[in-house]
1. Where the second residue is open to solvent by 70 Å² or more (accessible area, probe 1.4 Å) and of a type in the set (D, E, K, R) and the first is on the phi < 0 side of the Ramachandran plot and lies in the stretch 124-145, which pairs have Cβ atoms under 8 Å and are six or more apart or on separate chains?
2. So if I check each of SER121, SER139, SER105, SER128, which one is under 17 Å from GLU80 (Cα atoms) and among the hydroxyl-bearing types (Ser, Thr, Tyr)?
3. Is the stretch 199-210 home to any residue that is without any contact (Cβ under 8 Å) to a residue 40 or more places away in the chain, open to solvent by less than 90 Å² (accessible area, probe 1.4 Å) and touching a Pro at 6+ places or on another chain (Cβ under 9 Å)?
4. Among (1) open to solvent by 70 Å² or more (accessible area, probe 1.4 Å); (2) under 30 Å from LEU37 (Cβ atoms), which single condition is GLU159 missing?
5. Restricting to the stretch 174-192, what's the tally of residues that are in a loop (DSSP other than H, G, I, E, B) and open to solvent by less than 60 Å² (accessible area, probe 1.4 Å)?
6. Let me confirm something: among ALA161, ALA148, ALA172, which residue is of a type in the set (Gly, Ala, Ser), within 15 Å of VAL98 (Cβ to Cβ) and either touching a residue at least 40 places away in the same chain (Cβ under 8 Å) or touching a Lys or Arg at 6+ places or on another chain (Cβ under 7 Å) (or both)?
7. Quickly run through the stretch 75-113 and pick out the residues that are more than 17 Å from ARG142 (Cβ to Cβ), among the small types (Gly, Ala, Ser) and open to solvent by 30 Å² or more (accessible area, probe 1.4 Å).
8. Failed condition for MET30, given (1) of a type outside the set (D, E, K, R); (2) assigned to a helix (DSSP H, G or I); (3) open to solvent by less than 70 Å² (accessible area, probe 1.4 Å); (4) under 30 Å from THR168 (Cα atoms), with all others met?
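The values are calculated or read from the model by the stated rules, or taken from the named source; none is laboratory data. A quick note: this is a predicted structure, and the numbers were derived from the prediction, not measured. A quick note on method: Cβ atoms are made from the backbone with ideal geometry, for glycine too, and the neighbour counts reach across all protein chains shown. Just the protein is used for accessible areas: all its heavy atoms, side chains included, with ligands, DNA and RNA removed. Shrake-Rupley method; radii C 1.70, N 1.55, O 1.52, S 1.80 Å.
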Amino acid sequence: MAFQRARTEEQREIRRRAILDMASAMLDEMPVAAVTLNELSRRVGLAKPNVLRYFESREAVLLELLDRFLQEWLTELADELAAGVDEKLPMAERAAAVAEILSRSLSSRAVLCDLFGAQGSVLEHNVSVEVVARYKRASLDRLTTMSALIQNYLPELGENATLFSLQTMVMAGALSAYSTPPPSLRAAYQAEPDLARFHLELKDSLKLALTGTLLGVLPRR
């Protein structure tokens with residue numbers, strides 16, 4: 001991919017989207033930790049200093065991608081919940097259905113979960129106050145959207161819907177690290193099968209965690 005110098009705002013936006021799209025393609029091939037600014041620059045056909053004219057760091061690129069993927073997921077989640085949860089069911093059955101849909105939906109989005117896992121420990125570092133504040137403001141909007149979705153089917157949660165939504169994303173990120181072991185760890189599991197108990201299947205583990213969380217915060221009758 002070769003670029004001429006961007007001279008208009010439209011051209012600059014095209015350049016930004018190209019960088020984001022290339023980073024997204026790289027995440028289909030490798031984990032977040034393996035994405036480097038040098039490789040991104042090489043693949044997009046720009047010198048590293050030119051990439052830094054559009055994004056101040058690798059982490060800034062990945063934070064913007066995280067917000068993009070989160071928006072896409074929430075749009076799809078609305079349809080998945082509408083199709084999979086009967087609002088007339090008793091509370092416990094609705095809770096089980098919500099936990100099942102969330103775990104299935106998130107486990108099918110490995111890149112999003114990987115980004116969730118890297119957010120607090122990696123992605124929110126090496127960025128300016130302006131960038132991280134902009135991202136957090138957008139995150140508040142996404143959290144509000146998700147909380148409203150959950151409350152549609154579990155109004156009994158009340159204000160706890162916000163905490164549950166946040167914990168869902170945190171747990172998806174944390175558990176994804178245990179479901180995608182690196183090659184050396186996979187080899188260790190194969191050599192010593194007893195060690196494989198540390199390997200967690202994301203969908204099942206997340207469903208158990210979400211169900212337990214819901215049972216803990218829903219009112220008892």
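1. That search, which allows pairs on different chains as well, returns VAL127/GLU56; SER128/GLU56; VAL131/GLU56.
2. Within the list SER121, SER139, SER105, SER128, the selection yields SER105.
3. Yes, the stretch 199-210 contains at least one residue that is without any contact (Cβ under 8 Å) to a residue 40 or more places away in the chain, open to solvent by less than 90 Å² (accessible area, probe 1.4 Å) and touching a Pro at 6+ places or on another chain (Cβ under 9 Å).
4. Only one criterion is unmet by GLU159, namely (2).
5. Residues in the stretch 174-192 being in a loop (DSSP other than H, G, I, E, B) and open to solvent by less than 60 Å² (accessible area, probe 1.4 Å): 1 in total.
6. Criteria check complete, one pass: ALA172.
7. Correct list: ALA82, ALA83, GLY84, ALA92, ALA96, SER107, SER108, ALA110.
8. The one condition MET30 does not meet is (2).
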